[in-house]
Protein chains: 2
Amino acid sequence: MAQTNLRLDARYLEPEASREEVLKWQEDVTLADERLLSGKGRGAAFRGWLDPCALAPDSLLDEICEAADALRSNSGALVVIGIGGSYLGARAVIEALAPDSAQRVYFAGNSISGDYHARLLAKLQSERFALNVISKSGTTTEPAIAFRIFRQRLEASVGREGAAKLIAATTDANRGALLKLARDEGYRRFVVPDDVGGRFSVLSPVGLLPIAYAGVDIRALVRGAAACAAACANRSLDANPALYYAAARNTLYSRGFTVEMLAHFEPRLAFVAEWWKQLFGESEGKEGKGLFPASLNLTADLHSMGQYAQQGRRMLMETFVVVEGGEEGITIPANGGLRDGLEYLAGRTLASVNHEAYRATALAHREGGVPNMTIRLPRLDEENLGALLYFFERACAVSGYLLRVNPFNQPGVEAYKKHMFALLGRPGHEEQTQAIREKVEDGPSGCEITFA
Amino acid sequence: MAQTNLRLDARYLEPEASREEVLKWQEDVTLADERLLSGKGRGAAFRGWLDPCALAPDSLLDEICEAADALRSNSGALVVIGIGGSYLGARAVIEALAPDSAQRVYFAGNSISGDYHARLLAKLQSERFALNVISKSGTTTEPAIAFRIFRQRLEASVGREGAAKLIAATTDANRGALLKLARDEGYRRFVVPDDVGGRFSVLSPVGLLPIAYAGVDIRALVRGAAACAAACANRSLDANPALYYAAARNTLYSRGFTVEMLAHFEPRLAFVAEWWKQLFGESEGKEGKGLFPASLNLTADLHSMGQYAQQGRRMLMETFVVVEGGEEGITIPANGGLRDGLEYLAGRTLASVNHEAYRATALAHREGGVPNMTIRLPRLDEENLGALLYFFERACAVSGYLLRVNPFNQPGVEAYKKHMFALLGRPGHEEQTQAIREKVEDGPSGCEITFA
């Protein structure tokens, strides 16, 4: 069993979430984690992610790698069609671990922008591309639209049979429009598990197929997650950083901290932060509750959001994700003629300067009234990133139970869809259509302000 | 004089920021705008952006276009070195208006990541690139480091004299390390105006040179801003959407709405939202006050942040930026065999479906307790984007005065720098260095939690 070397530095949680205060949650945390594992908590039908090795057993990993290899050898790029959890996990891992993969992975169906999709089609003009369409039902509007468009393009280019060899469908095991089509056409098929919600699905075929296509070692990714899962068997807050994180953020939330910023210092972690925003925002943001999740891409955002973080409304807490080792990378060159005040840094690596920027920021934000903690990864590689993903998933589920919400549903996502279907005149929504069209009519209203 | 066709739809501000409530701010708004224009308000030394034609007169625009053309004809890419306001404005405009420009623009010096800069150098391996280094002093850590690295690479590739022809320095008019170097080496020089802060500098040479390099019509951009400035002469809230926006967000802030989300439906507007976050966050986030700015990239984020927006903690307000016209783009193909529930949309453009998604979202969020308003642009082009940038700048300055802060300073940005210089052992910081190193020492502390 691989070890999990993620560590949590909690020193800057003092005084609002002191060690003493956080440890008071031990009993609640133990109960929450018991409910989670025993299936007695809310949303218990969606715990399929709890055991990474059961979610992605070796046989499935073999099958995914085989499919990825086959697609890779017949294409120069993969277009992944999916939205939400069928998009963010794969993008997060690919950008973090294979940012310049020779086998490019593009994402479609994650918006309804005609401009975006037209530009992507143009980019793929002379490229032989493969398609991975990911949708449990096959009828979610955004990916369904994109799949129509890209499948048409692919079939026009290589014919229907040729296209079938280049398409993989990740969908429900037993039902749905996409499953039927995939069977009829003979697409490669992978399953969106029934017991895993979208935001917890990165280590299922939903995320793993595109991740494998990009050349990332998915076995090591799952191994890292499994190691973290095993380590989570210990429920003592003192010995379980994931549970400590859950308790600390609830401590702060109960004291009026209502926004959590996830901050990192590597541009290629930007989409890990986006994935994290969905995980926590969608799991906890309900019943009028939840920390509002935001991301800081540093040091860039120190020069944009830094002022607010330092001195704005004091309702912020912050979690840093810091990579400690790995590439030392570029060294700052000496430069006698240039009086840029940097001569004392000549010969230092960017990594070492970046690390001091982190330490300075954590201290400055603490002094400015932003309690913060740091999750440290020894390196940015498959095993550690797998562990980190699991760390957040486990922490999120427990944190949701501590907040007394169902961390596994997302009832609010339906609201805009319902209105959109009515506005679009979807069959079956005729009654609502007329009413809502009158309601949202674009024409001049008493509430439109124009420049006189 | 070009007209400004930006409009503000305020219908969904009811009831918390009803028309009646917003109009109560008229007197305060008039005073704030008078103070702004007369230079009697706080931070009055930084109002150089108020008149776009004075900030970027025709002669300067000619000079910038000439320099951009010369750089373009001698390079395949431009590396822009800058951070904060010397980065976000240019990136926002270029991604919005020239997302696939043949003359690629890359950004460096906006982080201290060794990985990021190593990958960028590798990408430029066989590319003849030009450099635009943007720094008032020349000593801001991030861009100074990047400039050392990229200048060295350029000189190694084309020699010192060759490099000098490919480098443009945008810096202080009269002093500083970068100015001296630029003079000595004979770089092209442009001025960071003394009376314009970074986050208000997009329509100065800071933003305009890289924007012009990307092929955007900077004259039209400035023309649009100037039209908006002229329209802002009318201080009646009823006839000035920028001032109405400032009053409405202060109305909501005073009623406990503490987070503002800027939402849009076009992926290429993502960095306009990032630019907006800096503008408002840095201008208002001080003295323990200010709306926390966040962005929503829709419809993608409806499937991640949408749940929180709909049902999370009720402290959110939202501003949509919606492009009404322009490319109709792709049409959804008919597809007899595919039972994806989309047949009723066959033949419709993505643009029209995307617009219904916006209308559905604005209504759903209103119903969920998120007061929101919409800024409508007739098209996404130079004139309208220029107008939008000015709209936000003007609204931001007035909004800051309404909040009773100095919207033009950023004292909090120094905190992390001070600690970083001490940690890095910068000459002159010796005294602090020892003290802070002990304080932040990474070694095991009572507050580190590891997996047992």
**Request:** Being more than 24 Å from A:Phe265 (Cβ to Cβ) and of a type in the set (Ser, Thr, Tyr) is the filter here, so list the residues in segment B:127-166 that pass it.
**Result:** B:Ser157
**Complete:** Listed by first then second residue, the pairs whose first member lies in segment B:78-102 and is in the same structural domain as B:Lys123 (by TED's automatic domain parsing) and more than 23 Å from B:Thr139 (Cβ to Cβ), whose partner is part of a helix (DSSP H, G or I) and open to solvent by 30 Å² or more (accessible area, probe 1.4 Å), with beta carbons under 6 Å and at least 6 positions apart or on separate chains, are B:Ala92/B:Phe271; B:Glu95/B:Arg268; B:Glu95/B:Phe271; B:Ala96/B:Arg268; B:Pro99/B:Arg268; B:Asp100/A:Arg119
**Prompt:** Within segment B:348-365, how many residues turn out to be open to solvent by 20 Å² or more (accessible area, probe 1.4 Å) and touching a strand residue (DSSP E or B) at 6+ places or on another chain (Cβ under 6 Å)?
**Reply:** 1
**Message:** The conditions are (1) open to solvent by 40 Å² or more (accessible area, probe 1.4 Å); (2) at the interface with chain B (Cβ under 9 Å from one of its Cβ atoms), and A:Leu423 fails exactly one of them. Which is it?
**Reply:** (1)
**Yes/no for A:Glu414 being without any contact (Cβ under 8 Å) to a residue 40 or more places away in the chain and of a type in the set (D, E, K, R)** = yes
**Prompt:** In this structure, is A:Gly386 without any contact (Cβ under 8 Å) to a residue 60 or more places away in the chain and not assigned by TED's automatic domain parsing to the domain that holds A:Ser204?
**Reply:** no
**Asked** Taking segment A:359-394 on its own, how many of its residues are farther than 17 Å from B:Glu448 by Cβ, among the small types (Gly, Ala, Ser) and within 11 Å of chain B (Cβ to nearest Cβ)?
**Response** 4
**Asked** Within segment B:401-416, how many residues are open to solvent by 40 Å² or more (accessible area, probe 1.4 Å) and modelled with pLDDT of 95 or more?
**Response** 4
**Asked** Filtering segment A:269-290 down to residues that are surrounded by 21 or more Cβ atoms within 10 Å (Cβ to Cβ) and of a type in the set (D, E, K, R), which residue is farthest from the chain's Cα centre (by Cα)?
**Response** A:Lys286
**Prompt:** Considering only residues of segment A:114-137 that are touching a Gly at 6+ places or on another chain (Cβ under 6 Å) and in contact (Cβ under 8 Å) with a residue 12 or more places away in the chain, which is least open to solvent (accessible area, probe 1.4 Å)?
**Reply:** A:Ile134
**Selection count where residues are open to solvent by less than 30 Å² (accessible area, probe 1.4 Å), in contact with a Ser or Thr (Cβ under 6 Å, 6 or more places away or on another chain) and of a type outside the set (Asp, Glu), scope segment A:308-347** = 3
**Request:** State the number of residues belonging to segment A:90-107 that are touching a Leu at 6+ places or on another chain (Cβ under 8 Å) and within 11 Å of another protein chain (Cβ to nearest Cβ).
**Result:** 1
**Number of positions in segment A:114-133 that are in a strand (DSSP E or B), more than 10 Å from A:Ala77 (Cα to Cα) and away from chain B (no Cβ under 12 Å)** = 1
**Fill in**
Turns out the helices (runs of 4 or more DSSP H) fully within segment A:365-452 with at least 3 residues that are farther than 30 Å from A:Gly39 by Cα are A:414-424, A:430-440
**Message:** Conditions first: (1) without any contact (Cβ under 8 Å) to a residue 40 or more places away in the chain; (2) open to solvent by 10 Å² or more (accessible area, probe 1.4 Å); (3) within 21 Å of the chain's Cα centre (by Cα). A:Leu296 passes all but one, so which condition is the exception?
**Reply:** (2)
**Fill in**
In segment A:73-113, anything part of a helix (DSSP H, G or I), β-branched (Val, Ile, Thr) and open to solvent by less than 10 Å² (accessible area, probe 1.4 Å) is listed as A:Val93
**Prompt:** Hey, among B:Ala17, B:Ala54, B:Ala45, B:Ala70, which residue is farther than 21 Å from B:Thr319 by Cβ, among the small types (Gly, Ala, Ser) and surrounded by 15 or more Cβ atoms within 10 Å (Cβ to Cβ)?
**Reply:** B:Ala70
**Fill in**
Restricting segment A:134-160 to residues that are β-branched (Val, Ile, Thr) and either outside the structural domain of A:Gly176 (by TED's automatic domain parsing) or not in a helix (DSSP H, G or I) (or both), the one modelled with the lowest pLDDT turns out to be A:Thr139
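The values are calculated or read from the model by the stated rules, or taken from the named source; none is laboratory data. Fair warning: this is a prediction, and the values are worked out from it, not measured in the lab. Positions of Cβ are backbone-derived with ideal geometry, glycine not excepted, and every protein chain shown enters the neighbour counts. Surface accessibility is based on the protein's heavy atoms, side chains included, excluding ligands, DNA and RNA. Shrake-Rupley method; radii C 1.70, N 1.55, O 1.52, S 1.80 Å.
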